[in-house]
Amino acid sequence: NPSAATNKAVAKLFPLFFALGVFLTLAYYVLDHPNPKNLDQKNYWFNNGYPYVHYSSHLEHCLALPMVLLHSLTLTSKSGAPSNFDNIMAVGTYMAFYLGGTHVNQYVTGHWVYPICDDITNEHGDMGRNIFFAVLVTINFMFGKIGLTIVQMRRVGTKRKSA
């Protein structure tokens with residue numbers, strides 16, 4: 001059985017788990033998978049001895065969304081439900097750390113992690129890219145809130161059934 005501290009951590013971090021799982025799957029299929037530079041890179045590796053590169057990309061990204069949905073429907077914690085504050089703290093802290101690391105990586109290597117960052121910077125400049133990042137952060141907060149809502153609705157339904 002998990003300890004009380006583990007239950008509490010899982011509850012507090014749930015909005016982050018949910019937001020990242022939903023975002024990983026949706027962002028990959030909307031932003032990364034159809035990107036021409038990404039397709040060129042995968043085709044290069046496919047033609048140079050990596051016959052499963054296309055499959056591995058799907059397997060790496062497609063399962064996150066169903067898994068976090070399953071997690072949201074089965075989350076039980078004796079430490080209580082996660083809160084809006086947990087969403088802000090967990091998602092906000094992670095996004096600040098991730099975007100900070102992304103910028104450090106770009107500064108050190110001269111390359112963005114994802115081709116879409118180059119595309120947006122080339123078309124709209126630094127301000128356009130920063131707006132893009134701000135929109136992505138906002139979307140992650142919204143996904144965290146959706147996860148919270150699913151858990152809260154499930155808990156209300158469970159309380160009604162037991163009453």
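Figures for the structure shown
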quantity: Of the DSSP H helices in the chain, those whose Cα atoms cover at least 27 Å axially and whose Kyte score averages -0.5 or more; calculated: 4-27, 84-109, 115-162
quantity: Within the accessible area of the chain (1.4 Å probe), percent carbon and sulfur; calculated: 68
quantity: Among K37, K12, K145, residue whose mean-square fluctuation peaks in a GNM of the chain (springs only between Cα atoms under 10 Å); calculated: K37
quantity: Of the chymotrypsin sites (Phe, Trp or Tyr not before Pro) in the range 68-141, those whose Cβ has at most 11 other Cβ within 10 Å and which sit in DSSP loop; calculated: none
quantity: Relative contact order computed over the chain (Cα-Cα under 8 Å; 6+ residues apart), in percent; calculated: 39
quantity: Shape category assigned to the range 47-96 from the gyration tensor of Cα positions, a/c cut at 1.5; calculated: oblate
quantity: Check: the chain dipole with +1 on Lys, Arg Cβ and -1 on Asp, Glu Cβ, in debye; calculated: 1200
quantity: Chymotrypsin sites (Phe, Trp or Tyr not before Pro) restricted to DSSP loop in the range 44-81 with at most 13 other C-beta within 10 Å; calculated: Y52
quantity: Probe 1.4 Å, accessible area per residue of the range 1-125, Å²; calculated: 63
quantity: log₁₀ of I(q)/I(0) at q = 0.19, 0.20 Å⁻¹ - the range 66-147, Debye sum with one point per alpha carbon; calculated: -0.91, -0.96
quantity: Most fluctuating residue given options A27, A90, A11, as computed from a GNM of the chain linking Cα atoms under 10 Å; calculated: A27
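The values are calculated or read from the model by the stated rules, or taken from the named source; none is laboratory data. Computed from a predicted model, the values in this text were never measured in an experiment. Reconstructed Cβ throughout: ideal geometry from the backbone, glycine too, with neighbour counts over all protein chains shown. Side chains are part of the model used for accessible areas, which takes the heavy atoms of the whole protein and leaves out ligands, DNA and RNA. Shrake-Rupley method; radii C 1.70, N 1.55, O 1.52, S 1.80 Å.
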